[in-house]
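To keep things clear, I will list the structure first and then write my remarks on it.
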4 protein chains.
Amino acid sequence: MTHKIAILGASGYTGAELVRIIATHPDLEVAALSGERKAGQPMGSVFPHLRHLDLPDLVKIEEIDFSSIDLAFCALPHATSQAVIAELPRDLKIVDLSADFRLRDPAAYEKWYGKPHAAPDLQKEAVYGLTEFYRDKIAAARLVAGTGCNAATGQYALRPLIEAGVIDLDEIIMDLKCGVSGAGRSLKENLLHAELSEGYHAYSVGGVHRHLGEFDQEFSAIAGRPVEVQFTPHLIPANRGILATVYVRGDAASIHRALADRYANETFLTVLPIGETPSTRHIRGSNHCHIGVVADRREGRTIVLAALDNLTKGSSGQAVQNANLMLGLDEDSGLTFAPVFP
Amino acid sequence: MTHKIAILGASGYTGAELVRIIATHPDLEVAALSGERKAGQPMGSVFPHLRHLDLPDLVKIEEIDFSSIDLAFCALPHATSQAVIAELPRDLKIVDLSADFRLRDPAAYEKWYGKPHAAPDLQKEAVYGLTEFYRDKIAAARLVAGTGCNAATGQYALRPLIEAGVIDLDEIIMDLKCGVSGAGRSLKENLLHAELSEGYHAYSVGGVHRHLGEFDQEFSAIAGRPVEVQFTPHLIPANRGILATVYVRGDAASIHRALADRYANETFLTVLPIGETPSTRHIRGSNHCHIGVVADRREGRTIVLAALDNLTKGSSGQAVQNANLMLGLDEDSGLTFAPVFP
Amino acid sequence: MTHKIAILGASGYTGAELVRIIATHPDLEVAALSGERKAGQPMGSVFPHLRHLDLPDLVKIEEIDFSSIDLAFCALPHATSQAVIAELPRDLKIVDLSADFRLRDPAAYEKWYGKPHAAPDLQKEAVYGLTEFYRDKIAAARLVAGTGCNAATGQYALRPLIEAGVIDLDEIIMDLKCGVSGAGRSLKENLLHAELSEGYHAYSVGGVHRHLGEFDQEFSAIAGRPVEVQFTPHLIPANRGILATVYVRGDAASIHRALADRYANETFLTVLPIGETPSTRHIRGSNHCHIGVVADRREGRTIVLAALDNLTKGSSGQAVQNANLMLGLDEDSGLTFAPVFP
Amino acid sequence: MTHKIAILGASGYTGAELVRIIATHPDLEVAALSGERKAGQPMGSVFPHLRHLDLPDLVKIEEIDFSSIDLAFCALPHATSQAVIAELPRDLKIVDLSADFRLRDPAAYEKWYGKPHAAPDLQKEAVYGLTEFYRDKIAAARLVAGTGCNAATGQYALRPLIEAGVIDLDEIIMDLKCGVSGAGRSLKENLLHAELSEGYHAYSVGGVHRHLGEFDQEFSAIAGRPVEVQFTPHLIPANRGILATVYVRGDAASIHRALADRYANETFLTVLPIGETPSTRHIRGSNHCHIGVVADRREGRTIVLAALDNLTKGSSGQAVQNANLMLGLDEDSGLTFAPVFP
């Protein structure tokens, strides 16, 4: 049986990535696409790489008849999302890709996003969408909050280590390298090709990146006490990919075992043999995440590296993985396509 | 029913691309992989982006039991291919991705490749693999010769125009821009990232590129008289993609109509509305080809542009498309995945 | 003696390139910088790569005391430039980098730029700034119009051939590949790194690019009769560089000789040995232009290739070269820095 | 007075960069170029971007008459360099760009490079070439050992902090991102454009990179006790640039002050205002190094970032800076060219 899907905010990169994935998904069908500023346009003129597909034109959200929709992906900008979802039917299944429902605590939301949440009841209802760790809740949820792409990467590297108690919780440094598409399709001078290409830099340095809110929430919850990591993202001149290089205190063998054990049955999470390291090029365009563990020359210090594609496993692939669970489908349905290399 | 596939020469880019495609193909299964220098290694260590797949290890060709193989792809270097195929069982279905069987005329082969063909009987047997134009012959063939990636691009732009008689056959100039992966995985100084990135240049200038042999053969056959195009390829700092900019004499509307009519029912060939132009980014990683037609300001001069992915539609995707026909499958089976953008 | 320089419109790429060049110029000194929207900011915050230099802050044009300025570079947007220059002192030496004064004929200007020229007297006064061909006039000029970067590249390839009468004037096709910085620092979706990188396409296809106005003007003037070339630019994912691939009718040896003779004494124009071809990577960041000539396999057809850096020889380097002449300095003063490779 | 320079090993990137710099150096002249495998070739065919220069052809080292040479740059491969230098005249001034003379302790050399040093007397003689910290010794030296490019970057960030005692010496983590040219012009599969572009990864993870030998030597010497940092380099798809992100314990304001005070009079080392961060694009192609300091949200933790161009300030620019001192010239002579952006 085919499930009918709406994508709200389909004119951004995560929207286009959802369409790309659903195009070969055996059980999902794109039934509606919204894009406020581009309403009335065919999707193929907004994203010519999708022109071969038989897709509905972009419309305004209010033009969509949600009674025929089985699940909606919300790929709207932060803040917009909570306002829109509050107006949608309360029985509609929703996977939200924005930051609006990632933080469960209203105070934490206000701290990181600068103003009170506009839909606190929905905030309470939402399930955090890191599939491999919230699987049962997601399957039963109506509203799932997709994680930040950086937040997903860091959590895949660290959650099993905190759960297993094999690292020092006060000494975690995450140096993260993110590709350009993570910044979205917004018109900013520093995202121009001529500015960005052939150079790289750190941004949001010092612990001010909003994805830290997710790390704090999740790591503290696992540990049962406050955990604050250091986190420095860098913008790298490549379109896709996140690489987290995490410096921890703990025994490399124990750390590797904790990860390997935890992910032994996960389709999309691969722990490399100890000493091997991942590369973003080897997961590009796929829903896979590669994780490596290397002992440092300094006793008791270990480096954990995780690589995934920010648009796929970090965002739209994760969203489809969650939707599969919510719709009672195989979790990996439509997501087994291989990475694109070179 | 699943067909068992061998890929000979699986350690190059076209070999990896075949595996990527077959990974989600409903009817094909990789049963054997060969790689002379890398025999004994798992495919996942030669191509870590394929490490999540359950694949046979690389072996030497002589280790493969071809009695259980339904079809072999040969992704071997030029000249090696003819020697290897001559030794394979004569009833084995083969799609060859090398240049060895593209030219039907032994003299033409010797002219362009510098020495006599080593397997002239096979050369005679081979069917030229430009699917949309040799569909019936391919379906009945045992040995199909994949086209050059540049040669495919240029032919998609020009064949219908020669067939329809809407252009001047003596005034065809093809300026082609090719991505880096077309040069393969060979260790050459000018293919290093530091050499290639941020620069571009023409190569094989003056009509010496071997794909001209294919243009000459095919265009002359259609026209029933010798046709010699001008052809200048350029190397562009992008991994995938070919863009052919073809300058012809003829009426733009007639030219557009000839292309649109000819490709109206082709899944993978899209003729854009007149005046629109294709981009390699919009077909990247897919089996699609976009074609545009624009009238020049000079009366009677028209520019035809065609874009495809050299590794997919220009090589491994084409090979699977042909294999589908040879195995009695739907021609587009396993090939409908969307382009990857950004 | 040091000459005091003002740069109007210093917040764009050509403005920054002027500062880069002048930073090591022995006889020029930056005395004033204007930038309307960024007035009040230090140049080092608009362009951090220039932060080590002792530069005046950006101001509004009206704040500049031109009585102490020896020469002004205008790197303002098209149309703005003519309005601004009309208000500047009439004895101020000016090199304009915009398109406003490139076309001498008011009708041609209106045709290509869509409205009448606002300063026709200045249009009449302006000298076309292709240094090697207008040297004497430039030395005596007060107002010099920098050429289009594409226009410069194409003219270096073609002017000596038209002068020498060695090519067919009705059969000139110029296929040009331009780097990204040529599009400037404007915020357009298609200039984002995620859109542009790893893909390429033709634009302004069919003879509608404004630089054709310059080709028409200049080539017709040399030939003494109308000459209309075909011209198709392509956008390539590299920051700097223009490569013109020009298809002409004529004997390769004669063509090579015409170019080699004409440029024998030019510091910045190098004609490669016949059969060799240029690459943009070999002139990147410099004021040099490399030109190659190759005979096609088709008798009487020749390919001429020219490569230069759009920001340097195509724009700001040319501007300094002209300023040197206007100020009585050595023409190559401050311009002999080598290309940056890799 | 012009000093005559020989460059041994001129066919690699650092050799070419030396030529680029010397091309506009007022007091140096390239008098001899060696390249074993390319002996007999003009430099302009090995590096076409240098073809406009009047340079001697490449020769074998033994063909050079060193009696007329004032100073030789050795840009030879590691291990080769010590053998070659041992045979050169003992009164010839030499700046070595290899790793052969960076480590003063024979045991440390053997530990990091895997075999005993072949010229221990020269090893003893050599002065470590980090200009701003060994200025007087370099001025008096005959043989100067250029630093590793990563090693230079990390030391610029850390030396003043160790000297000033403002950081915890046992808690230093350096996460470094290096451009491609740092790997040289060697033919390795993982350096091909198709492999490298659009992806990134860590390498030499766990404290095995040889530049750690330099960090250990230098930091321990300053501190007067063993200091071992953690160091993880990453390969980034950009041609030039190194960015070191250093995680330290200490007060950000004290750290910023220590750096700003130490570098207040350094031409090429710029400490940004506290809270600002450097980018490799802003020093590309120049001899400048930008350093930033940001306080982390975690009390007492600070991030120090340093960016330089591996081929210029990290290698050939540093070498010329040292040569200037050794020849009694102004230290910044020929090195004041601005970065190339975009």
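The values are calculated or read from the model by the stated rules, or taken from the named source; none is laboratory data. Keep in mind it's a predicted model, so treat the numbers as computed, not measured. Cβ atoms come from the backbone with ideal geometry, glycine included; neighbour counts cover every protein chain shown. These accessible areas exclude ligands, DNA and RNA; they are computed on the full protein's heavy atoms, side chains included. Shrake-Rupley method; radii C 1.70, N 1.55, O 1.52, S 1.80 Å.
Just a few scattered comments:
- Scanning the range C:217-234 for residues that are more than 8 Å from every other protein chain (Cβ to nearest Cβ), farther than 24 Å from residue C:316 by Cα and in contact with a helix residue (DSSP H, G or I) (Cβ under 8 Å, 6 or more places away or on another chain) gives C:222, C:223, C:226, C:227, C:229.
- Matching residues, the range D:235-257, being in a loop (DSSP other than H, G, I, E, B), hydrophobic (A, V, I, L, M, F, W, C) and over 22 Å from residue C:16 (Cβ atoms): D:236
- Qualifying residue in the range A:225-233 (condition: within 20 Å of residue D:283 (Cβ to Cβ), crowded, with 24+ Cβ neighbours inside 10 Å and assigned by TED's automatic domain parsing to the domain that holds residue A:180): yes
- Taking (1) assigned to a loop (DSSP other than H, G, I, E, B); (2) under 22 Å from residue B:97 (Cα atoms) in turn, residue B:207 satisfies each apart from (2).
- When residues of the range B:191-216 are limited to those that are more than 9 Å from chain C (Cβ to nearest Cβ) and open to solvent by 30 Å² or more (accessible area, probe 1.4 Å), the one nearest to residue C:299 (Cα to Cα): B:204
- Scanning the range A:13-71 for residues that are of a type in the set (Lys, Arg) and touching a residue at least 12 places away in the same chain (Cβ under 8 Å) yields A:20, A:37, A:38, A:60.
- Out of A:100, A:105, sole residue that is open to solvent by 10 Å² or more (accessible area, probe 1.4 Å) and touching a helix residue (DSSP H, G or I) at 6+ places or on another chain (Cβ under 9 Å): A:105
- The lone exception for residue D:291 - which of (1) part of a strand (DSSP E or B); (2) over 22 Å from residue A:176 (Cα atoms); (3) touching a residue at least 60 places away in the same chain (Cβ under 8 Å) it fails: (2)
- Of all residues in the range B:75-97, those that are open to solvent by 30 Å² or more (accessible area, probe 1.4 Å) and in a loop (DSSP other than H, G, I, E, B) total 6.
- Residues that are touching a strand residue (DSSP E or B) at 6+ places or on another chain (Cβ under 7 Å), under 19 Å from residue C:198 (Cβ atoms) and more than 7 Å from chain C (Cβ to nearest Cβ), drawn from the range B:235-256: B:235, B:242, B:244
- Flag if residue D:185 is in a loop (DSSP other than H, G, I, E, B), within 14 Å of another protein chain (Cβ to nearest Cβ) and surrounded by fewer than 24 Cβ atoms within 10 Å (Cβ to Cβ): yes
- Any chance residue D:300 is assigned by TED's automatic domain parsing to the domain that holds residue D:181, closer than 19 Å to residue A:195 by Cβ and modelled with pLDDT of 95 or more: no
- Sole exception among (1) surrounded by fewer than 22 Cβ atoms within 10 Å (Cβ to Cβ); (2) under 21 Å from residue B:160 (Cβ atoms); (3) among the polar types (S, T, N, Q) for residue B:336, by number: (2)
- Residue within the range C:161-181 that is polar (S, T, N, Q), closer than 23 Å to residue B:305 by Cβ and within 11 Å of another protein chain (Cβ to nearest Cβ) present: no
- Residues of the range B:258-284 that turn out to be without any contact (Cβ under 8 Å) to a residue 12 or more places away in the chain and either touching a strand residue (DSSP E or B) at 6+ places or on another chain (Cβ under 9 Å) or part of a helix (DSSP H, G or I) (or both), as a count: 3
- The residue of the range D:260-275 that is nearest to the chain's Cα centre (by Cα), among those that are surrounded by 17 or more Cβ atoms within 10 Å (Cβ to Cβ) and within 23 Å of residue A:233 (Cβ to Cβ), is D:271.
- Complete set of residues in the range B:98-116 that are assigned to a helix (DSSP H, G or I) and small (Gly, Ala, Ser): B:107, B:108
- Filter result for the condition that a residue is of a type in the set (Lys, Arg), farther than 30 Å from residue B:279 by Cβ and not assigned by TED's automatic domain parsing to the domain that holds residue C:289, over C:142, C:159: C:142
- Just one of the listed residues (C:127, C:180) is open to solvent by 10 Å² or more (accessible area, probe 1.4 Å), modelled with pLDDT of 95 or more and either among the β-branched types (Val, Ile, Thr) or touching a Ser or Thr at 6+ places or on another chain (Cβ under 7 Å) (or both), and it is C:127.
- Within the range A:33-71, considering residues that are among the small types (Gly, Ala, Ser) and farther than 14 Å from residue A:16 by Cα, the one least open to solvent (accessible area, probe 1.4 Å): A:39
- Hits in the range D:278-310 - residues which are more than 15 Å from the chain's Cα centre (by Cα), open to solvent by 10 Å² or more (accessible area, probe 1.4 Å) and not β-branched (Val, Ile, Thr): D:281, D:282, D:295, D:296, D:297, D:298, D:299, D:300, D:301
- Contact map, the range C:172-191: first residue under 16 Å from residue C:205 (Cα atoms), second residue among the charged types (D, E, K, R), Cβ cut-off under 8 Å, separation 6 or more or different chains; pairs are C:175/B:175; C:177/B:177.
- Some residue of the range A:150-170 being surrounded by fewer than 16 Cβ atoms within 10 Å (Cβ to Cβ) and either part of a helix (DSSP H, G or I) or touching a His at 6+ places or on another chain (Cβ under 8 Å) (or both): yes
- Residues that are touching a helix residue (DSSP H, G or I) at 6+ places or on another chain (Cβ under 8 Å) and open to solvent by 30 Å² or more (accessible area, probe 1.4 Å), drawn from the range B:235-255: B:254
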